[in-house]
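S.K.: This is the structure I want to talk about, given as structure tokens.
Coordinate-derived values only; no laboratory data. If you're wondering where the values come from, they're calculated on a predicted model, not measured in any experiment. Please note: Cβ atoms are built from the backbone with ideal geometry, for glycine as well, and neighbour counts cover all protein chains shown.
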Amino acid sequence: MYNILFLCTGNSARSILAEAIVNRVGVGRFRGFSAGSCPQGRVNPNAITLLKGLNYPTDNLKSKDWSEFAKPDAPDLDFIITVCDHAANAMCTIWPGKPISAHWGLPDPASVEGTPTEIAAAFAETYRILNDRIEILVNFALRSFNKPSLLAQLGEIAADRGE
């Protein structure tokens, strides 16, 4: 079982979506977590609506500080993926176990202004991109888990998708 932590600044949308996706796509092989450098303390309601509409469990999703994962009793992390540029630039925590890290920068759907339909579309697009990337990661990691090739693949996943 590999533990993967998705980091974002607010931990209310992108990282929450990624946590939910990896816990479904990688069930039994990956366990997903999410956190933020400056967590908002609540999950964005649009993220919850999207996930519920796709039959994801949402009861255990919460916005939390990334310091929870640097404590001695935290789960050992195998992967850390930042999903926003601010978190990638702020990441200075030394993570126990030296997990593999990568950056998958995505626009924040929570910052989209417009009609409810436009906002829902932004969340759906973020979900689609994350789902595609996570499926590639999970399938690649299971085929060939060696650090150099996985590091290269993590960096190429977004580039190969043209995103």
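S.K.: Per the Kirkwood treatment, what hydrodynamic radius in Å, one decimal, follows for the stretch 1-140 from the mean inverse distance over all distinct Cα pairs?
M.R.: About 14.9 Å, per the Kirkwood formula over Cα pairs.
S.K.: If each of Glu118 and Asp73 carries a label point 7 Å out from its Cα toward its Cβ, how far apart are those two points in nm?
M.R.: Between Glu118 and Asp73, the label points sit 4.7 nm apart.
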